[in-house]
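One structure is given here, and the rest of the page talks about it.
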Amino acid sequence: MIEEENSQEEQFRDHITTVNQQGKRIWIFPKKPQGKWYNRRKIVSYFLLVFLFAAPHIKIGGEQLLLFNIIERKFTIFGGVFWPQDMFLFALTMIVGVIFVIFFTIIYGRLFCGWVCPQTIFMEMLFRRIEYLIDGDWTHQKRLASSPWTKEKIIKRISKHAVFWVISFLIANTFLAYIIGSDQLWKIQTDPLGKHLGGLIAILVFTTIFYLVFSRLREQVCTTICPYGRLQGVLLDANSMVVGYDKTRGENRAKLKKDEDRQTAGKGDCIDCLQCVHVCPTGIDIRNGTQLECTNCTACIDACDHMMESVGMEKGLIRFVSENSIKNRTPFQWTKRVISYSFLLVAMVIILVTLLVTRNDFETYIMRQRGTTYKMTDHGQVSNIFEINLLNKTKTDYIVELELEGTTGKITTVVKELKLKKEAQLKERFIVELPYSSIENGKKILYIRVLGNGKAIERVKTKFIGPSL
Ligand code: SF4
Ligand code: SF4
């Protein structure tokens with residue numbers, strides 16, 4: 001294995017293709033992709049782009065479709081509000097999400113990166129296409145980059161970066177809408193400038209970050225920064241589906257010669273046209289084998305299929321395939337690892353759905369007020385001061401009443417009426433009086449029924465204390 005790693009063939013793994021010997025960045029000018037897979041990706045990206053930009057502005061029952069308000073600790077997923085008290089559910093949803101991605105990666109490789117990741121969607125389907133539109137295809141872009149600052153170059157550069165800035169501004173606004181909420185964002189956008197200076201600065205900072213990511217960093221995010229990309233080495237195995245080059249069919253690679261019988265000449269199907277390399281947005285040669293830099297964008301499949309078709313050979317020299325399938329010519333295999341991850345995922349989804357469905361609309365805590373003890377009243381009763389902490393996760397206002405269940409006694413609230421506002425918390429004190437005779441060994445377990453607008457909404461167990469004889 002070590003021997004294999006150090007072999008000549010594996011030397012391409014010792015450096016990244018976007019950095020030269022002197023450690024300087026090699027700028028990638030990928031050729032504009034075309035073909036079946038690219039068209040499919042375009043359709044997927046249109047849906048995702050619409051969703052990404054629209055989601056924070058869609059409301060379900062008055063709540064944002066998706067909100068991740070870290071500042072106010074309010075999170076909504078598909079309109080369902082997650083309060084700090086529901087954090088375990090939110091955390092579980094995130095864990096299930098991560099496990100899903102891991103499981104998906106084990107089977108389908110880095111498909112998420114090439115097809116769903118917002119970085120790729122914005123980069124390849126927005127910024128790159130604008131670049132093709134303004135600067136032209138890769139050869140024009142290369143020429144323009146090395147050309148002197150002519151009038152044409154200045155106009156193209158200014159217009160391209162102006163459009164990049166506007167899109168980055170839109171992305172920054174959308175990003176903030178996910179974090180602070182679209183209503184708050186609207187206030188920042190429409191109120192007088194000085195009123196939300198912090199918000200405006202945040203928009204400008206994020207605009208600059210996104211602009212730099214998509215105009216300068218680009219593929220470096222996927223190849224060197226993204227932790228998910230770095231995880232591929234441990235997630236993928238020889239049975240994972242990846243965009244792969246069929247070495248057994250393609251080698252020995254050689255340029256096409258007119259009227260030559262390649263089989264007799266001992267040549268493989270790869271005509272060494274380098275089209276797969278030219279289209280690659282991360283600048284790699286997929287013929288070297290599965291690499292961390294590959295985002296499974298499928299551009300090389302399209303490029304190779306096009307070449308195979310034009311020289312009259314069978315398509316699929318580069319295709320979605322596992323390393324084992326290439327080696328053994330076998331279809332996809334359900335390995336033990338895949339099966340165990342599937343079970344784990346299904347179990348977690350079932351637990352999550354059960355917890356979500358059975359999630360309470362209210363969260364009630366009733367405890368004796370800290371630092372207080374019992375009191376004997378003039379009429380031979382024992383009293384305790386309690387504190388109720390009631391969280392209302394619904395969108396209804398309630399008038400709350402408290403009742404003792406299964407025992408005689410009296411509840412007196414400190415305020416005249418307990419008002420519980422929608423999506424709010426109520427914290428109040430109340431006094432419970434019980435007959436002296438009902439207390440055994442200095443304590444009594446109490447059940448308190450909580451009524452909201454006349455209907456029972458909660459039943460809480462708590463402890464009452466009294467004199468012990
Ligand atoms: S090797 Fe192919 S699939 Fe991988 S990033 Fe490059 S073009 Fe996309
Ligand atoms: S596009 Fe296909 S034929 Fe051309 S170099 Fe790549 S693998 Fe070989």
For the range 173-189, check the following and say yes or no: at least one residue is more than 16 Å from ligand 1 (Cβ to nearest atom) and at positive phi. yes
Go through (1) free of Cβ contacts under 8 Å to residues at least 12 places away in the same chain; (2) under 29 Å from residue 113 (Cβ atoms) for residue 203 and report which single condition fails. (1)
Failed condition for residue 265, given (1) near ligand 1 (Cβ under 9 Å from one of its atoms); (2) exposed (fewer than 15 other Cβ atoms within 10 Å of the Cβ), with all others met? (1)
Can you work out which of the residues in the range 404-414 that are aliphatic (A, V, I, L, M) and at pLDDT 90 or above is nearest to residue 438 (Cα to Cα)? 404
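Yes/no matrix, rows are residues, columns are (1) within 25 Å of residue 104 (Cα to Cα); (2) surrounded by 17 or more Cβ atoms within 10 Å (Cβ to Cβ); (3) out of contact with any Lys or Arg (no Cβ under 6 Å at 6 or more places or on another chain); (4) of a type in the set (Asp, Glu):
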| position | (1), (2), (3), (4) |
| --- | --- |
| 237 | yes, no, yes, yes |
| 240 | yes, yes, yes, no |
| 243 | yes, yes, yes, no |
| 260 | no, no, yes, yes |
| 275 | no, yes, yes, no |
| 292 | yes, yes, yes, no |
| 296 | yes, yes, no, no |
For the range 116-133, indicate whether the set of residues that are crowded, with 18+ Cβ neighbours inside 10 Å, of a type in the set (Val, Ile, Thr) and more than 30 Å from residue 390 (Cβ to Cβ) is non-empty. yes
Any hit, the range 298-316, residues being closer than 26 Å to residue 122 by Cβ, within 14 Å of ligand 1 (Cβ to nearest atom) and in a loop (DSSP other than H, G, I, E, B): yes
Suppose we keep only residues that are surrounded by 15 or more Cβ atoms within 10 Å (Cβ to Cβ) and assigned to a loop (DSSP other than H, G, I, E, B) within the range 317-333. Which one would you say is nearest to ligand 1 (Cβ to nearest atom)? 317
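Could you tell me which of the residues 282, 298 is more than 25 Å from residue 261 (Cα to Cα), of a type in the set (S, T, N, Q), in contact with a Gly (Cβ under 7 Å, 6 or more places away or on another chain) and touching a residue at least 12 places away in the same chain (Cβ under 8 Å)? Walk me through how you get there before you give the answer.
Working: 282 fails: in contact with a Gly (Cβ under 7 Å, 6 or more places away or on another chain).
The match here is 298.
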Do we find a residue being aromatic (Phe, Trp, Tyr) and closer than 30 Å to residue 88 by Cα anywhere in the range 426-433? no
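If the requirement is being of a type in the set (A, V, I, L, M, F, W, C), more than 19 Å from residue 377 (Cα to Cα) and assigned to a strand (DSSP E or B), which of these qualifies: 432, 400, 415? Walk me through it before giving the result.
Numbers: 432 fails: more than 19 Å from residue 377 (Cα to Cα); 415 fails: assigned to a strand (DSSP E or B).
So the residue among 432, 400, 415 that is of a type in the set (A, V, I, L, M, F, W, C), more than 19 Å from residue 377 (Cα to Cα) and assigned to a strand (DSSP E or B) is 400.
Being in a strand (DSSP E or B), on the phi < 0 side of the Ramachandran plot and touching a residue at least 40 places away in the same chain (Cβ under 8 Å): is that true of residue 445 here? Talk me through it step by step, then tell me what you get.
Values: in a strand (DSSP E or B): yes; on the phi < 0 side of the Ramachandran plot: yes; touching a residue at least 40 places away in the same chain (Cβ under 8 Å): no.
No.
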From the list 410, 419, pick out the single residue that is more than 23 Å from residue 81 (Cβ to Cβ) and either touching a helix residue (DSSP H, G or I) at 6+ places or on another chain (Cβ under 8 Å) or basic (Lys, Arg) (or both). 410
Among the residues that make up the range 44-55, is at least one of them more than 16 Å from the chain's Cα centre (by Cα), surrounded by 18 or more Cβ atoms within 10 Å (Cβ to Cβ) and either farther than 23 Å from residue 177 by Cα or among the hydroxyl-bearing types (Ser, Thr, Tyr) (or both)? no
How about the range 216-235: which of its residues are farther than 18 Å from residue 290 by Cβ and surrounded by 12 or more Cβ atoms within 10 Å (Cβ to Cβ)? 217, 218, 220, 221, 225
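Restricting to the range 140-170, give me the number of residues that are surrounded by fewer than 17 Cβ atoms within 10 Å (Cβ to Cβ) and touching a residue at least 40 places away in the same chain (Cβ under 8 Å).
We begin by selecting, within the range 140-170, every residue surrounded by fewer than 17 Cβ atoms within 10 Å (Cβ to Cβ); these are 140, 142-143, 145-155, 157-159, 161-163, 165-166, 170.
With touching a residue at least 40 places away in the same chain (Cβ under 8 Å) added as a condition, the list becomes 142, 145, 161, 165, 170.
Residues flagged as surrounded by fewer than 17 Cβ atoms within 10 Å (Cβ to Cβ) and touching a residue at least 40 places away in the same chain (Cβ under 8 Å) within the range 140-170 amount to 5.
Which of the helices (runs of 4 or more DSSP H) contained wholly in the range 94-177 include at least 2 residues that are of a type in the set (Asp, Glu)? Lay out the reasoning, then the answer.
Values: elements: 111-115, 118-122, 128-135, 138-146.
Once the helices (runs of 4 or more DSSP H) in the range 94-177 are filtered for at least 2 residues that are of a type in the set (Asp, Glu), what remains is 128-135.
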Every pair of residues 6+ apart whose Cβ atoms lie under 8 Å, when the first sits in the range 233-260 and is free of Cβ contacts under 8 Å to residues at least 40 places away in the same chain while the second is crowded, with 19+ Cβ neighbours inside 10 Å and assigned to a helix (DSSP H, G or I): 253/287
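Restricting the range 364-381 to residues that are aliphatic (A, V, I, L, M) and closer than 28 Å to residue 452 by Cβ, which is surrounded by the most Cβ atoms within 10 Å (Cβ to Cβ)? Break it down stepwise before answering.
At the first step, the residues of the range 364-381 found to be aliphatic (A, V, I, L, M) are 366-367, 376.
Filter once more, keeping what is closer than 28 Å to residue 452 by Cβ: 366-367.
On the way: 366: 20, 367: 12.
The qualifying residue surrounded by the most Cβ atoms within 10 Å (Cβ to Cβ) is 366.
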Could you count how many residues in the range 263-297 are within 7 Å of ligand 2 (Cβ to nearest atom), part of a loop (DSSP other than H, G, I, E, B) and basic (Lys, Arg)? 0
Condition test on residue 383, is it touching a strand residue (DSSP E or B) at 6+ places or on another chain (Cβ under 6 Å) and of a type in the set (Gly, Ala, Ser)? yes
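The values are calculated or read from the model by the stated rules, or taken from the named source; none is laboratory data. As the structure is a prediction and not an experimental result, all values here were calculated from the model. Cβ: placed from backbone, ideal geometry, glycine included. Neighbour counts: every protein chain shown.
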